[in-house]
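Everything on this sheet refers to the single structure shown next.
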Amino acid sequence: MEQVRNIVILTGAGVSAESGIGTFRDAGGLWENHRVEDVATPEAFARDPDLVFRFYDMRREQVLEVEPNAAHHALARLQREWPARSGGAVMLVTQNVDDLHDRALGASDGAEVIHMHGEHLSAWCTACDARTRWTASLIDSPPCPSCGAPALRPDIVWFGEMPYRMDEIFAALEEADLFVSIGTSGAVYPAAGFVRTAADMGAHTLELNLQPSQGTDWFDEARHGPATQTVPAWVEEMLQG
Ligand code: BV8
């Protein structure tokens, strides 16, 4: 593997599984017998807002009850230590809407977590477009703290909606020497296509997952096992290498 300076990491539900947050595949992709695609869409929200509010209120409460695990902490350590050690950069992009990466990272100057599919702990006002940190429920249509309108929705990217910060992500993929995918099944696009973009740009590609993902053939290397084991070992290797 060439000299690695710039790393792009993509994570999915598997990195939070050992913290007690079920993955999408775990539940067979179902919630209260609703296909996730049927509650995580603008159409579902228009059709039955209370159903969608209950879905996200329940998951928001769950996030407040769990803690980051060894995989989250190892990635936070890499984000803090890699730049000085390598002269390069680490971009951590997550599909997860929980805040476990953020809590593990804490207030580290310059380092951040890019939530390409949004966050549970943020509410988005469809009247004034303000985004507000939010830990309570949304089902009773509370007023927007900025404009007062009862127009708050979960700040979540639903199916059919454009993921966040795609320009920055693709710019980093173009500069990446190493692309690492952790705890994701590779079932949802555009995230599932990042490995091919990175590979096309000459990056070495590594998959860390419990089992082979749908896109496993696109990776140069794959290590299978629980994230709390594979991720700390890989980070130690990178920082000692
Ligand atoms: C868009 C927020 C267009 C909501 C989410 C190309 C081909 C086919 C379809 C499409 C395509 N392009 C677009 C589509 C449509 C769609 C899509 O991909 N559909 C799929 C179902 C086929 N994509 C979209 O709609 C995207 N938007 O394309 O917009 C557009 C363009 C221009 C202008 C406007 C619009 C938006 C997609 C985002 C939807 N929102 N999340 C919420 O969370 O409620 S997606 C959601 O599902 C997650 O964020 C994540 O992305 C995905 C779940 O996947 P994973 O995280 O990987 O979880 P999963 O359970 O599947 O797998 C877990 C893995 O972990 C497993 O492999 C398991 O083995 C492993 N594991 C388990 N335990 C452990 C572990 N690994 C390690 N350790 C463990 N302990």
Do we find that residue 217 is assigned to a helix (DSSP H, G or I), without any contact (Cβ under 8 Å) to a residue 12 or more places away in the chain and over 21 Å from the mean Cα position of the chain (by Cα) in this structure?
yes
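One line per residue, one yes/no per condition, for (1) outside the structural domain of residue 54 (by TED's automatic domain parsing); (2) among the small types (Gly, Ala, Ser); (3) away from the ligand (no atom under 13 Å from the Cβ):
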{"position": "112", "(1), (2), (3)": "yes, no, yes"}
{"position": "146", "(1), (2), (3)": "no, yes, yes"}
{"position": "150", "(1), (2), (3)": "no, no, yes"}
{"position": "182", "(1), (2), (3)": "yes, no, no"}
{"position": "188", "(1), (2), (3)": "yes, no, no"}
{"position": "196", "(1), (2), (3)": "yes, no, no"}
{"position": "202", "(1), (2), (3)": "yes, yes, yes"}
{"position": "205", "(1), (2), (3)": "yes, no, yes"}
{"position": "208", "(1), (2), (3)": "yes, no, no"}
Listing of strands (runs of 3 or more DSSP E) fully contained in the range 114-211 that carry 3 or more residues being touching a residue at least 40 places away in the same chain (Cβ under 8 Å) and either small (Gly, Ala, Ser) or surrounded by 21 or more Cβ atoms within 10 Å (Cβ to Cβ) (or both):
178-182
Number of the exception - residue 58 against (1) in contact (Cβ under 8 Å) with a residue 12 or more places away in the chain; (2) within 17 Å of residue 153 (Cβ to Cβ); (3) more than 14 Å from the chain's Cα centre (by Cα):
(1)
Mind checking which residues of the range 156-167 are more than 15 Å from the chain's Cα centre (by Cα) and more than 19 Å from residue 56 (Cα to Cα)?
167
Which of the residues spanning the range 220-235 are in contact (Cβ under 8 Å) with a residue 40 or more places away in the chain and either of a type in the set (A, V, I, L, M) or away from the ligand (no atom under 13 Å from the Cβ) (or both)?
227, 231, 235
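Output the residue which, of all residues in the range 26-49 that are of a type in the set (A, V, I, L, M, F, W, C) and assigned to a loop (DSSP other than H, G, I, E, B), is modelled with the lowest pLDDT. Don't jump to the end; show me each part of the working.
From the range 26-49, those of a type in the set (A, V, I, L, M, F, W, C) are 27, 30-31, 36, 39-40, 44-46; that's our starting set.
Subsequent filtering for residues that are assigned to a loop (DSSP other than H, G, I, E, B) retains 27, 40.
On the way: 27: 56, 40: 92.
Ranking the candidates gives 27 first.
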Any residue in the range 91-103 that is assigned to a strand (DSSP E or B) and polar (S, T, N, Q)?
yes
If a residue has to be closer than 16 Å to residue 180 by Cα and surrounded by fewer than 21 Cβ atoms within 10 Å (Cβ to Cβ) to count, how many in the range 74-104 make the cut?
3
Exactly one of these conditions fails for residue 216: (1) within 22 Å of residue 68 (Cβ to Cβ); (2) more than 9 Å from the ligand (Cβ to nearest atom). Give me its number.
(1)
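The values are calculated or read from the model by the stated rules, or taken from the named source; none is laboratory data. Model, not experiment: these values are computed from the prediction. Counting neighbours? That spans all protein chains shown, and the Cβs are built from the backbone with ideal geometry, glycine included.
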